[in-house]
1. So, residue 210, is that one modelled with pLDDT of 95 or more and either over 16 Å from residue 172 (Cα atoms) or not assigned by TED's automatic domain parsing to the domain that holds residue 173 (or both) or not?
2. Pairs needed: first member in region 289-312, under 16 Å from residue 355 (Cβ atoms); second member anywhere, in a helix (DSSP H, G or I); C-beta distance under 6 Å; at least 6 residues apart or different chains.
3. Given the criterion in contact with a strand residue (DSSP E or B) (Cβ under 6 Å, 6 or more places away or on another chain), assigned by TED's automatic domain parsing to the domain that holds residue 348 and modelled with pLDDT of 80 or more, identify the matching residue among 33, 21.
4. Scanning region 313-358 for residues that are free of Cβ contacts under 8 Å to residues at least 24 places away in the same chain and within 17 Å of residue 282 (Cβ to Cβ), which turns out surrounded by the most Cβ atoms within 10 Å (Cβ to Cβ)?
5. So which strands (runs of 3 or more DSSP E) stay within region 154-241 end to end and still have 2 or more residues that are without any contact (Cβ under 8 Å) to a residue 12 or more places away in the chain and closer than 22 Å to residue 133 by Cα?
6. Looking at region 248-262, is at least one residue under 30 Å from residue 181 (Cα atoms) and in contact with a strand residue (DSSP E or B) (Cβ under 7 Å, 6 or more places away or on another chain)?
C-alpha cells in the first residue's frame, strides 16, 4: 500500500469557502458577501482588458515593470522594492514559503484573515492565534505571543471582518519591539478606504523588518482578475522574486490593473460613495438597536444578540435576495458581515433588517 503523504500541516487546512453568489429560487439577487466594489472597474480598465485580449497567444513579461512603475508613481515608492502577485494572497503565501517552515511559528490575530493560517500551514509552519481587544488588534498581546520560534506576524489593517484599525503609533511600537528574526506583514487590502492611510509604506521605509501587501480586488473593482502587490525591504523582495513563478500574472491582468490605477477619478468616486453609504447604513442599523463598530473598510460587522438571531436575520435577507456573510469561522457566530453596496442595495438591507428587528422585538 502506498505511503505517500503531503507535507505536515496541509491536511489541517479546510478548503476556503468564498461568499455565496446565488440563492435557489430567487432571481433578483444582490451579492454583499465578498466586499466587492458595487460600481465595478472603470471604463478605462475595461478598455485595457479588451485591448490585451488581442495578444492572448503571447506570453506576458516576467518583470511587471510597467505596473510596478505605475504603483511606485502613485504611492511614492521605490519601484525596485515592489513585487506583483496573484492577489495579495500570493504575496502572503510567498512570505510563508520563504520565511517560515517546520518548527517555526506564524502569528495572526483572533479575527484575522483566514489565509494567514492557511498559508502558514501550507508552508509547514505552526500558526499561532493571539487575542484582540474589543475587536481591535492588540500590540501587547502580539508581543506576548512571540517566542524564539516566531518568524512572521500578520496584521490586516483595516481588519477583516471587523473593519477596525490599529493606529500608526501602535504599529510603529510593534515593529520596534519585535524580536530580530520576526517579519511584520501589514495587509492593506482595504487601505484605500481610510483617508490618509498609506497602508504601512512609511513604516516599511523606516524599518528593515516590515512588509506591506495591497490589492486591486477591492477599491479598484478587479476582484475577478486577482492582482495584488507587496512592498518591502530590498532583500525581502529579492527573496520573494526567487520563488515567484516567471509568468504569475497575465498581460490582461497587468494592463487592466495599471489602467485602473491611473484612472484616479473612478476610484476616488467609488471611495466617496462607499464613505457616504457606509456612514448611512451604520446609522440605520444602530438605529435598530444593533451593535456596529465604526468601519474603515467597505463593509460593516453587524452584531446581534446571539447566533440564533444572526442566522434568522441572514435567512430574512436571503428571502429578499440579499446575500451577506456569516462570520462564525472568524469568531463571530453572532454577527453578519455586510458589504457596503450601492445606494439601492444599502436601502434594501436597511429596510429588511429594520422589518426583521421590528418582528423580533
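1. Considered against the rule, which asks whether it is modelled with pLDDT of 95 or more and either over 16 Å from residue 172 (Cα atoms) or not assigned by TED's automatic domain parsing to the domain that holds residue 173 (or both), residue 210 comes out as no.
2. Pairs that qualify, where the first residue is under 16 Å from residue 355 (Cβ atoms) and the partner is in a helix (DSSP H, G or I), are 302/285; 304/310.
3. Sole residue among the options that is in contact with a strand residue (DSSP E or B) (Cβ under 6 Å, 6 or more places away or on another chain), assigned by TED's automatic domain parsing to the domain that holds residue 348 and modelled with pLDDT of 80 or more: 33.
4. Per the stated criteria, the residue is 347.
5. Values: elements: 183-187, 210-215, 228-231.
Once the strands (runs of 3 or more DSSP E) in region 154-241 are filtered for at least 2 residues that are without any contact (Cβ under 8 Å) to a residue 12 or more places away in the chain and closer than 22 Å to residue 133 by Cα, nothing remains.
6. Of all residues in region 248-262, those under 30 Å from residue 181 (Cα atoms) come to 248.
Now restrict to residues that are in contact with a strand residue (DSSP E or B) (Cβ under 7 Å, 6 or more places away or on another chain): 248.
Yes, because at least one residue in region 248-262 is under 30 Å from residue 181 (Cα atoms) and in contact with a strand residue (DSSP E or B) (Cβ under 7 Å, 6 or more places away or on another chain).
This table checks each residue for (1) surrounded by fewer than 24 Cβ atoms within 10 Å (Cβ to Cβ); (2) in contact with a helix residue (DSSP H, G or I) (Cβ under 7 Å, 6 or more places away or on another chain); (3) closer than 14 Å to residue 91 by Cα.
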| position | (1), (2), (3) |
| --- | --- |
| 165 | yes, no, no |
| 194 | yes, no, no |
| 223 | yes, no, no |
| 243 | yes, yes, yes |
| 254 | yes, yes, no |
| 257 | no, yes, no |
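The values are calculated or read from the model by the stated rules, or taken from the named source; none is laboratory data. Predicted, not measured: the structure shown is a model, and the values here were computed from it. Neighbour counts are summed over all protein chains in view; Cβ atoms, including those assigned to glycine, are modelled from backbone coordinates with ideal geometry.
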